[in-house]
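Asker: This is the structure, below, for whatever I ask next.
The values are calculated or read from the model by the stated rules, or taken from the named source; none is laboratory data. Small disclaimer: the values here were computed from a predicted structure and weren't measured. So basically every Cβ, Gly included, is an ideal-geometry build from the backbone, and we count neighbours across all protein chains shown. SASA here: full protein model, heavy atoms, side chains in, ligands and nucleic acids out. Shrake-Rupley method; radii C 1.70, N 1.55, O 1.52, S 1.80 Å.
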Amino acid sequence: MLEEAWTLSPSVALRPEPFGALAYHFGNRKLTFLKRRELVALVRGLDEHIDVRAALTATGIPEDQHDAYAVALRGLADADMIRPRTATTEDAR
Amino acid sequence: MTELAERPTTGSLVQQFEYGLDAPICLTWELTYACNLECAHCLSSSGRRDPRELTTAQCEAVIDELQRMQVFYVNIGGGEPTIRPDFWHLLEYAVDRQVGVKFSTNGVRITPERARFLASTDYVDVQISVDGATAEVNDYVRGPGSFDTAVRALANLQDAGFRDAKISVVCTRHNIDQLDDFKALAERFGATLRLTRLRPSGRGADVWDELHPLPEQQRQLYDWLMAHGDRVLTGDSFFHLAAFGESLPGLNLCGAGRVVCLIDPVGDVYACPFAIHETFLAGNLLTGGFQQVWQTSSLFAQLRSPQTGGACASCSFYDSCRGGCMAAKFFTGLPLDGPDPECVQGYGELALAGNRVVPAPSQDHSKTAPTRSQPVMLTLTRREEIDAAPVTACASNPLAGYTLPRSLARP
Ligand code: SF4
Ligand code: SF4
C-alpha cells in the first residue's frame with residue numbers, strides 16, 4: 001500500500017473533533033473515528049502526494065511507524081473511507 | 001470552556017466520548033408532541049400539539065445549523081412526526097442539505113404513495129414502532145388497531161421497493177418471549193429488527209413497574225442478543241446487561257449530553273430523549289442556536305466532566321456497565337451515581353426497595369380526554385395469573401375463585 005496512490009472517498013466528510021476526526025460515509029452511512037490528529041492530516045493529505053509513503057513523510061510520521069499507519073489505512077479502505085486513486089479519479093478533478 | 005481545554009487528546013474512544021464531542025453523533029429531534037396514538041409507555045408523554053411548536057422556518061434554520069455543524073444524520077420522532085403538515089417538506093429540506101434522516105413512526109401516514117416517495121430517496125431511513133409481534137401484545141400498550149397500522153406501513157414500504165426499513169421494538173415483560181417472532185416479522189418485510197430498552201420516562205414511569213422485563217427475562221434477552229446480536233440493532237441501549245459477563249457490541253456508556261441529545265418540539269434541548277425533565281434541560285435553541293447550547297451549556301459541561309461510580313465503583317462490572325442508564329435511575333428516584341434499577345447483579349432491586357422519591361414530571365402533553373386509540377391495559381396481566389383451566393379448581397372446590405362481596409365479607 002505504501003507505494004500506491006490513494007485518496008479520500010468522494011462520499012466521505014471529515015468532522016474535526018478534539019481527538020482527531022469523525023469520518024462519515026454518505027453512501028454506506030458508516031461512521032468511523034480517526035483517533036489521532038496525525039491520521040487525520042495523513043488522510044486529508046493523501047490526495048496531494050504521489051503515494052502513501054510520500055504523504056506519510058509529508059505529515060511528519062517517522063518511518064518506523066509507516067507500517068502501523070498502513071494497517072490503519074487498510075481498515076479505512078475496507079469501509080470505503082479511502083480509495084485507490086485511479087486514472088478516473090484523477091480525471092474527475 | 002475550561003473543561004474542553006483541559007481534556008486529553010489521547011485515550012480510548014469511550015474516554016473521549018465521555019468528554020463530549022464538538023457536535024452530537026446521536027441527535028434526536030422530536031418534531032411534535034401531537035400523536036394519533038396514546039401509547040401507555042410513551043417516553044415523551046405525547047398526545048397534544050404544543051402551541052409553541054417550532055415553525056417551518058425555525059425548523060429549516062435548525063437544519064441549516066446542523067449542516068454547518070456537520071451533524072450527518074438526525075433521528076426524527078415525536079409524537080408522531082408525520083402528522084406535522086410540513087413533515088415531508090422538512091424531510092426533503094434536510095436530505096438536500098446532507099443531513100440524513102431516520103424517522104420513527106407508528107405508520108399512520110405511510111401510504112403507498114408516501115412509500116414510493118421514500119423508496120425514491122437515498123438518505124432516509126424509516127423506523128416503524130411495533131411493541132408486540134402479535135396484535136394482542138402490541139395493541140395492549142400501543143392501543144387498538146396500532147399493530148395493523150404498523151404492518152400495513154411495512155407492507156406499503158416493501159411493495160414500493162423501500163429497502164431495509166427498521167422495526168423498532170421496546171422490550172417489555174410481555175414481548176420478551178416473542179424475540180424470534182419479531183425477527184421473523186422483520187424478515188418477512190425485508191426489514192431489520194431494532195430492540196430498545198423500556199425506560200421509566202414520560203408515561204413510561206406510570207407503567208414501568210408492570211412492564212419492565214423481570215430479572216430472568218433480562219437474562220433471556222441477554223442470551224438472545226449474544227446469539228443474534230450481530231444482525232439486530234439495539235441503539236446501544238442494553239449496556240447494563242454487560243454485567244452478565246461479556247459486553248454487547250456497541251458503545252458501552254451513557255452518552256447523555258456527551259454524544260447524545262434531544263431537541264424537543266419547542267426547541268428545548270435535553271441531555272437525552274429519555275430525559276425530558278427540567279433537571280436535564282440544557283437550554284432552548286431559539287435564543288442563540290443549537291451549537292451554543294451544545295457547546296456552552298453548564299449542564300452538558302457537568303455531564304462531560306469525570307463522574308464517580310458511587311455505589312457502583314466497587315462492582316467488578318463497572319467498566320462495562322458503568323452504572324447503567326441515568327434516565328432510568330432518575331425517573332425511579334434512585335441516585336444518579338448508584339446502580340441502575342435493572343442492575344443485573346440485583347443491586348437495583350435493593351435500591352428500589354429503599355427510600356426514594358420518584359420525581360414529578362415537569363411536563364405532559366398527554367391528551368386530556370381519552371380517545372378510542374387509548375390502550376386498555378387489562379387483558380394481558382389477568383391472563384398471566386391463570387396457570388390452569390378454571391375447571392380444575394372447580395373440581396376441588398365449587399367456590400374456588402369466588403370471593404365474597406365486600407359487604408358480606410365484613411363481620
Ligand atoms: S440517559 Fe439512559 S438512554 Fe439516555 S443516553 Fe444515558 S444511558 Fe442512554
Ligand atoms: S452494581 Fe452498578 S456497575 Fe455493577 S452491575 Fe449493577 S448497575 Fe452495573
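Asker: Hey, any idea what the orientation-averaged projected area of the convex hull of the stretch B:13-353's Cα atoms comes to, in nm²?
Answerer: 15.5
Asker: Count, for each residue of B:24-34, the Cβ atoms from other chains sitting within 10 Å of its Cβ, then give me the mean as a whole number.
Answerer: 1
Asker: Could you work out the helix-only [θ] at 222 nm for chain B, with each DSSP H run of four or more residues adding -39,500 (n - 2.57) and the total divided by the number of residues, to the nearest 500 deg cm²/dmol?
Answerer: My calculation for chain B gives -9500 deg cm²/dmol from helical runs alone.
Asker: If you don't mind, another one. Output the relative contact order of chain A, whole-number percent, from Cα pairs under 8 angstrom with separation of 6+ residues.
Answerer: 35
Asker: If we count every other residue with Cβ under 10 angstrom of B:His212's Cβ, Lys/Arg +1 and Asp/Glu -1, where does the sum land?
Answerer: Spelling it out: positives minus negatives among the neighbours equals 0.
Asker: Could you calculate the contour length gain from B:Gln363 to B:Asp164, that is, 0.36 nm times the residue separation minus the distance between their Cα atoms, to one decimal place in nm?
Answerer: Full extension from B:Gln363 to B:Asp164 adds 68.1 nm.
Asker: May I ask for the net charge around B:Ile63, where only other residues with Cβ less than 11 Å from the Cβ of B:Ile63 are counted and Lys, Arg are +1 while Asp, Glu are -1?
Answerer: Net charge around B:Ile63: -3.
Asker: Averaged over its residues, how many other protein chain Cβ atoms are within 10 Å of peptide A:66-74's Cβ atoms?
Answerer: So the per-residue partner count for this stretch is 0.
Asker: Any idea what angle helix B:56-68 forms with the longest principal axis of chain B, computed on alpha-carbon atoms, 0 to 90 degrees, nearest 10?
Answerer: Helix B:56-68 sits at roughly 70 degrees to that axis.
Asker: Could you grab the relative contact order for chain B? Cα pairs under 8 Å, six or more apart, rounded to a whole percent.
Answerer: It rounds to 19 percent for chain B.
Asker: Towards the positive end of the charge dipole of the protein assembly as shown, with charges on Cβ (+1 Lys, Arg; -1 Asp, Glu), say which of B:Phe330, B:Gln302, B:Gly145 has the farthest Cα.
Answerer: Towards the positive end, the residue furthest out is B:Gly145.
Asker: For the protein assembly as shown, take the convex hull of the Cα atoms, compute a quarter of its surface area, and give me that in nm², please.
Answerer: 29.6
Asker: Moving on to the next point. How long are the three semi-axes of the equivalent ellipsoid of the stretch B:60-120, in whole Å, if each is the root of 5 times an eigenvalue of the C-alpha gyration tensor, listed from largest down?
Answerer: Gyration-tensor ellipsoid for the stretch B:60-120: 21, 12, 10 Å.
Asker: Separate question: Using only the alpha carbons of the stretch B:1-84, what is the convex hull's orientation-averaged projected area in square nanometres?
Answerer: Result: a mean projected hull area of 7.7 nm².
Asker: Another question about this same structure. In nanometres, what is the gap between the two model label sites at A:Arg44 and B:Leu214, each 7 Å from Cα along Cα-to-Cβ?
Answerer: 5.7
Asker: Which distance in nm do the two modelled labels at B:Val376 and B:Gln15 give, with both placed 7 Å along the Cα-to-Cβ direction?
Answerer: Placing both labels 7 Å beyond Cα along the Cβ direction yields 5.8 nm.
Asker: Nearest 10 degrees is fine. How inclined is helix B:215-228 to the longest principal axis of chain B, computing both from alpha carbons?
Answerer: With both axes taken from Cα atoms, the answer is about 50 degrees.
Asker: Could you calculate the contour length gain from B:Arg48 to B:Thr279, that is, 0.36 nm times the residue separation minus the distance between their Cα atoms, to one decimal place in nm?
Answerer: The span from B:Arg48 to B:Thr279 would gain 80.9 nm if fully extended.
Asker: Please report the equivalent ellipsoid semi-axes of the stretch B:168-265, computed as sqrt(5 x eigenvalue) of the Cα gyration tensor, largest first, in whole Å.
Answerer: Ellipsoid half-lengths, sorted descending, are 20, 17, 16 Å.
Asker: Report, as an integer, the average count of C-beta atoms from other chains found within 10 Å of each Cβ along A:20-30.
Answerer: 3
Asker: Any chance you could look up the accessible area of A:Met1 with a 1.4 Å probe, heavy atoms only, rounded to 10 Å²?
Answerer: Roll a 1.4 Å probe over it and A:Met1 shows about 40 Å².
Asker: Here's a follow-up. Sorted by average packing, counted as other Cβ atoms within 10 angstrom per residue and highest first, what order do B:271-278, B:160-167, B:359-366 take?
Answerer: The most tightly packed comes first, giving B:271-278, B:160-167, B:359-366.
Asker: Between 0 and 90 degrees, rounded to the nearest ten: what's the tilt of helix B:146-159 against the longest Cα principal axis of chain B?
Answerer: Helix B:146-159 sits at roughly 50 degrees to that axis.
Asker: Short version: what are the Cα gyration tensor semi-axes of the stretch B:1-145, square root of 5 times each eigenvalue, largest first, in whole Å?
Answerer: Those come to 31, 20, 16 Å.
Asker: On to the next question. Sorting check: for B:264-270, B:183-189, B:232-238, B:286-292, which peptide has the highest mean count of neighbouring beta carbons within 10 Å, and how do the rest follow?
Answerer: B:264-270, B:232-238, B:183-189, B:286-292
Asker: Using a ≥ b ≥ c from the Cα gyration tensor of the stretch B:118-240 (square roots of the eigenvalues), is it rounded, prolate or oblate, where a/c under 1.5 gives rounded and otherwise the larger of a/b and b/c decides, a/b for prolate?
Answerer: Prolate shape, in that a/c is at least 1.5 and a/b is the bigger ratio.
Asker: Between the stretch B:121-148 and the stretch B:256-296, how far is it from one alpha carbon centroid to the other, in angstrom?
Answerer: For the stretch B:121-148 versus the stretch B:256-296, the Cα centre distance is 28 Å.
Asker: If you average the alpha carbon positions of the stretch B:179-202 and of the stretch A:10-65, how far apart do those two centres end up, in angstrom?
Answerer: If we compute the Cα centre of each part, the gap is 36 Å.
Asker: Using the basic label-point model (7 angstrom from Cα toward the beta carbon), what is the B:Thr121 to B:Glu136 distance in nanometres?
Answerer: 3.7
Asker: Right, something else. Evaluate the Debye formula for the stretch B:256-388 with equal point scatterers sitting on the alpha carbons, no solvent, and hand back log10 of I(q)/I(0) at q = 0.09, 0.13, 0.14 Å⁻¹, in q order, two decimals.
Answerer: -0.39, -0.74, -0.82
Asker: Quick one: divide the alpha-carbon radius of gyration of the stretch A:6-92 by 2.2 N^0.38 Å and tell me what you get.
Answerer: 1.03
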